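A.B. asks: For reference, the structure I am asking about is given below.
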Amino acid sequence: MPEARTEYDGISSVHRVDLQEYIQDHFTSTFDPIPLDQSLAVQAQISSLLNANHGKLLELQETAQRCLVNSRARLTEGLQDAKDVRRDLQYIQKRVTNLNFKASCKHPKEYKQARNRYASLSF
């Protein structure tokens, strides 16, 4: 007895479709890689800009640190100079006061005349 063939059997034997190939072809025809490529290019550009700016920022930070160290050194030196000047002025003031006292004791008349003549410069 001959086998009964159906219409379905004839189609499947003639047009056998590989499912994986079909999906791959469909994916290839519908997927456009250009926007993905463009977004990757933009991302790479932004990343390089960020890296460049980060490098500049690190350089500026190092420069600021060096300036801060130099400023602190100058400030310390300036404070020491101010202390030295203050000490010198106090020493000179003591010497002048001591000399005025000795002059007033040794030469009271002349000291009084000089004091009256230069009253605006009294110490």
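The values are calculated or read from the model by the stated rules, or taken from the named source; none is laboratory data. Source: prediction; values computed, not measured. As a convention, Cβ positions derive from the backbone with ideal geometry for all residues, glycine included, and neighbour counts pool all protein chains shown.
A.B. asks: Within the stretch 91-106, does at least one residue satisfy the condition of being in a helix (DSSP H, G or I), modelled with pLDDT of 85 or more, in contact with an Asp or Glu (Cβ under 9 Å, 6 or more places away or on another chain) and among the small types (Gly, Ala, Ser)?
C.D. replies: So the first thing to find is which residues in the stretch 91-106 are in a helix (DSSP H, G or I), and the list is 91-106.
This time we only want the ones that are modelled with pLDDT of 85 or more, so: 91-106.
In the following step, the residues that additionally are in contact with an Asp or Glu (Cβ under 9 Å, 6 or more places away or on another chain) were identified as 103.
With among the small types (Gly, Ala, Ser) added as a condition, the list becomes 103.
There is at least one residue in the stretch 91-106 that is in a helix (DSSP H, G or I), modelled with pLDDT of 85 or more, in contact with an Asp or Glu (Cβ under 9 Å, 6 or more places away or on another chain) and among the small types (Gly, Ala, Ser).
A.B. asks: Taking Ala82, is it out of contact with any Lys or Arg (no Cβ under 6 Å at 6 or more places or on another chain) and at pLDDT 90 or above? It would help to see each step written out before you state the result.
C.D. replies: Numbers: out of contact with any Lys or Arg (no Cβ under 6 Å at 6 or more places or on another chain): yes; at pLDDT 90 or above: yes.
In short, yes.
A.B. asks: In addition: Does the stretch 1-44 hold any residues that are assigned to a loop (DSSP other than H, G, I, E, B) and modelled with pLDDT of 80 or more, and which are they? Write out each step before concluding.
C.D. replies: Kept after step one, since they are assigned to a loop (DSSP other than H, G, I, E, B), are these residues of the stretch 1-44: 1-6, 15-18, 31-33.
Within the stretch 1-44, just Asp18 meets the criteria.
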